[in-house]
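Inspection log for the structure reproduced underneath, given as structure tokens.
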Amino acid sequence: MQKRWLIIPACCIAGLLFAQSAQLDSLKQVLAQARPDTHKVNLLIELSMGYRSLDPVLCREYARQAVSLSAALDFDRGLGKGYYNLAVGYYYSGVYDSTYLFSERAIELGQKSNAFILLNSAYGLSASAAFDEGDYEKSLDYNMKALKVAEENDDLEGVAFSSNTLGNVQWKLQNFERARQYYQHALEVFENLGNTYGMANALSNLGNVAPNDSLRLAWHQRARDIYKELGNVYGMATMDNNMGAYYQTHHQPEQALTYYRSALQALEGTAFNEKLVQVYTNLGSTYGDMGRLEEALPWFVKAESLAKREGITALLKDTYEYMAAAYDKERDYANAYRYLKLFQGLQDSLFSQELALQVTQTEEKVRRSEQGRELAQKELELSRQRATRNRILYIALALVFALSSLALWARSRARLRMQQARLQRAEADKLRELDRMKSSFFANISHEFRTPLTLIKGPLQEMALGRFKGDAQKYFRIMLRNSERLLNLVNQLLDLSKLESGRMKLRLEQGGAAPFIRAIAHSFESLAERKQATYVIRVSDALGEAWFDRDKLEKILTNLLSNAFKFTGELGRVELSAEAVEEGRYLRLVVRDDGIGIPASQLPHIFERFYSPNPALSDPDGTTPMGSGIGLALAKELVSLQGGRIAVESEEGEGTAFTVLLPIQREELKGAAEVVVENAGAASGLPDIADGVPAEEPQASTVSPPPVVAGQGQELVLVVEDNADVRRYIADQLQGQYRVLEAADGRAGLALALEQVPGLVITDVMMPEIDGIELCRQLRAQAATSHIPIIMLTAKAEQADKLEGLEKGADDYLVKPFDPEELRLRAGNLLEQRRRWRARFSKEISFRPSEVAVTSVDEAFLNSVVEVVEHNLDEEAFGVPQLADAVGLSRSQLHRKLKALSDKSPSEVIRDMRLQRARSLLQKGAGNASEVAFMAGFSSLAYFSKCYKDAFGYPPSEEARDTEG
């Protein structure tokens, strides 16, 4: 028997809150002295609203007085609110026919006076009544009308209440995720508006669709606290009933009784009879579950008596069912059979009533639709015989009834098909999400394989061809370390496969767990030292002899610690604690960090296979598998294999904590398949943590350019790669032929490129901070770096990835593992193309930006240079510093930029443009050589004459004579 969870209806006029008892008493005193005018109407309405959750009878009484006085005063606004409060009072008493009646009157008045708040509230109340009756289509119709009114009038509070009711409908249709979205939206709006009643309403309903027990209790408790603060008896009792139902279904009867008694205390003496019947029944069923039939029966009798007295016998179905179960548990089969018959009879009766109601409703619809036609026929065919007319009418009614029945059947079939279609869509969405996760997994795992393969295949290929450069012993260690990394990835995939097929077994050993855990933990100290992180290890000395699987415990700890260090930056903090709990029967491990944290939206998926929350992150020294999406999934599966539990708590930007609980005593592990090695001495058999080659110390984020020595004229190449081994390998391949700068991520690479303006950039795509695509985009957008050719290196081999890189401005694209000779050739070709480009324009005296530019950004930059120089040609003091300031670059950046584009220095560009101006002035006869030199910005006539002759092959005086001649 399933417990009945109660929801709170979303029906109220926006802005009106429940008054406390003292406030109600004060309003009564004011009312006693009020004159019969609109002010008195408003007082009556406030009192009615205040009593709706305390006493529905008084709520209706004050509403009736408000209606009478408003009608006498011809006060439509008060009349509408009075009808609405009457409907609310009947709703809280469970009298839904009257609820609809007075809601419709309120709607008519609201439409007449354009009172959108009243309209929204009345529609919402009718939606709640239809929902309680199980007519979800009708509830949805009313609620959509309410939502439309609220949206058309920018009524945020109305939108929130409508969202809450829509959540109720989705909850009943078992679309829990959709319901949770509606409730969450309603809660956010109520919180922004400061509407505490609305917040409590949404929180109580959120508790019914909570994804886990802790959230359910937290939301219900928070809602109860708000209801208590508001003095809302109905809401407090509902929350107490729901929490009692939770504890009853979780076999904690004493706690359930506490909450049921609290609900009972709140409800007794009120007119909320339907809720009282439910609480009586729940109290009886709880005592029945405890085998205390003599205490259960009085509650069942109270429920039966109240339900019969108030005419709400539909609720007795649950009461009879519980009583039958209680008597059956006590082996009182006669009474058990009697109440079972009553239960079945009532169930059949309710079914028959529902069926009869449907037939009656169908007949009523038919009668109304035919009424107009029947009257017309009577007027037109008075001369016909009455018998004939009646016969035709009966036939028509019979046909309509048959068609209506057929329509009902078709509608039922259509609903079933719609439900099936929704299920199919949900299944399709789930499959698409799984495909997306698998695609992401394979893309990430491809990256994880290709990067170490680059460091294995590349050096081996160079050695085989006899052109290897670099320290052979160093590269032997790098190749071995990356082979270990590949093997680790393969082993994790194999472990997951074994777990999925059920072929992995536990191999238990008895020994000291504390030394084993310390050995694993201490193996990460070098990594903590490299990251300058605070690393705290707390292993309790009270952790004595234990039964555990060494291999699986090592994998769990290694994955969790690797994950913690992976997402913790420099100067961060990582903690590991291990202790025995629950009287030594379980081992609790907690790994905590203060890193980037996990967004709340990703927490439910963090242990799913193939899920990688941030594949762009990577490991700077290449020692940890990054972003493959299998580490945490493997850890969870290994924990589950041992009958343990793993949980995660995280807050984005604050850090993450993983908690693992593992059984370590034989009696707790009896259900597991195992191979026991008696007294194997886990304490003496430490984990194989030193088998692999240790990683070398990673280099700093950036490497300063080498000092000016022989070969300083070589081109400067910037290598941006987050994997230290790959970065060193690329640098070794280019050393000797080029000067090499290194950067460990995109952000450092961008800063170094802006500072040094290299001749070529070689960058990886998947990097932390700024990835290669974004780095390429930013380099192309900067005036100082837009001309630099870029080669992208990536493990992503898809055509779409290549096209994206080229679209962002990359000049070439290499897939890992790459041939180092091909890298050298492509780098050389790009630099040679730029050298030829510069040589073409270095011989020209004229400076034309449209011909020199490589990109639109370059052309805009050169145009600005020309514009600034032309504007200042007659200024003798204008030089390179002034030009650099004007275009927003440093002198060195300006020099490298202009040399890269035109093979001309800034001073040469200024001189050439002055000479062009001077030549033009001489050809136009604007003056003699001395005057023109001054106009072109030359302070020395001798220097002007020398430069002019060097540029054009003859002195300026001859140009002047030719012009005069």
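The numbers here are math on the coordinates, done by the rules we state, and not lab data. For clarity, every value in this text was computed on a predicted model and none was experimentally measured. As a convention, Cβ positions derive from the backbone with ideal geometry for all residues, glycine included, and neighbour counts pool all protein chains shown.
Multiplying the residue separation of ARG507 and GLN221 by 0.36 nm and subtracting their alpha-carbon distance yields 98.5 nm. Quick one: of LYS275/LYS341; LYS531/LYS566; LYS899/LYS949; LYS505/LYS552; LYS317/LYS341, which pairs are farther than 19 Å apart, Cα to Cα? Checking Cα-Cα distances, LYS275/LYS341; LYS899/LYS949 exceed 19 Å.
Exposure proxy shown here: for SER650, SER540, SER163, the number of other Cβ atoms within 10 Å sets the order, fewest to most, as SER540, SER650, SER163. Each of SER128, SER139 was scored by other Cβ atoms within 10 Å of its Cβ. Listed from fewest to most, they are SER139, SER128. 3J(HN,Hα) couplings calculated from phi for the stretch 596-602 with the Karplus curve 6.51 cos²θ - 1.76 cosθ + 1.60 (θ = phi - 60°) are, in sequence order, 6, x, 10, x, 4, 5, 9 Hz; Gly and Pro show x. With 5 Å bins beginning at zero, the pair-distance distribution over Cα atoms of the stretch 508-669 amounts to 2, 9, 19, 23, 20, 15, 9, 4, 1 %. Simple spin-label estimate for GLN473 and LEU754 gives 4.2 nm between the two label positions (7 Å along the Cα-to-Cβ direction from each Cα). For the stretch 716-838, what mean projected area does the convex hull of the alpha carbons give, in nm²? Value for the stretch 716-838: 6.8 nm².
Sparse packing (at most 11 other Cβ atoms within 10 Å of the Cβ) combined with a DSSP loop state is found for the following trypsin sites (Lys or Arg not before Pro) in the stretch 898-945: LYS924.
Projecting the Cα atoms of TYR83, LEU118, THR99 onto the charge dipole of the stretch 83-192, computed from C-beta unit charges around the Cα centre, puts THR99 farthest toward the positive end. Residues TRP299, TRP409, TRP171, arranged from fewest to most other Cβ atoms within 10 angstrom of their Cβ, appear as TRP409, TRP171, TRP299.
What separates the Cα centres of the stretch 31-90 and the stretch 634-667 is a distance of 59 Å. Between GLU582 and ALA519, the distance separating the two model label sites (each 7 Å from Cα on the Cα→Cβ line) works out to 2.7 nm. Charged neighbours of ASN42, selected by a Cβ distance under 13 Å, balance to +2 (K, R count +1; D, E count -1). Only Lys, Arg, Asp and Glu carry charge here, each on its Cβ (+1 for the first two, -1 for the last two); on that basis the stretch 716-838 has a dipole of about 600 debye about its Cα centre. Here the peptides 336-344, 82-90, 590-598 are ranked by packing, the mean other Cβ count within 10 Å, and the order with the highest first is 82-90, 590-598, 336-344. One chain, two ends: GLU667 and LEU460. Fully extended at 0.36 nm per residue, the span grows by 69.2 nm beyond their Cα-Cα distance.
Applying the Karplus relation 6.51 cos²θ - 1.76 cosθ + 1.60 with θ = phi - 60° to the stretch 183-188 yields 3J(HN,Hα) values of 4, 5, 5, 4, 4, 4 Hz, where x marks Gly and Pro. Around the amide H of LEU741, modelled in the peptide plane, lie the amide H atoms of VAL717, LEU718, VAL719, all under 5 Å away and 5 or more residues distant in sequence or on another chain.
Need the full-extension length gain, GLN419 to GLN602, defined as separation in residues times 0.36 nm minus the C-alpha distance. One decimal, nm. Length difference between fully extended and current span is 63.0 nm.
Packing here is the average count of other Cβ atoms within 10 Å per residue, and on that basis the peptides 254-263, 936-945, highest first, run 254-263, 936-945. Spin-label model, LEU941/GLU133: points 7 Å from Cα along the beta carbon direction are separated by 11.0 nm.
The distance separating the Cα centre of the stretch 249-273 from that of the stretch 156-187 comes to 26 Å. Computed from backbone phi, the HN-Hα couplings of the stretch 208-219 come to 6, 10, 4, x, 8, 5, 5, 5, 4, 5, 5, 5 Hz, rounded to whole numbers (Karplus: 6.51 cos²θ - 1.76 cosθ + 1.60, θ = phi - 60°; Gly and Pro given as x). Candidates VAL719, ALA781, VAL815 compared by Cα position along the dipole of the stretch 716-838: farthest toward the positive end lies ALA781, with charges placed on Cβ. With Cα atoms as the point set, the radius of gyration and Dmax of the stretch 720-765 evaluate to 10.0, 27 Å.
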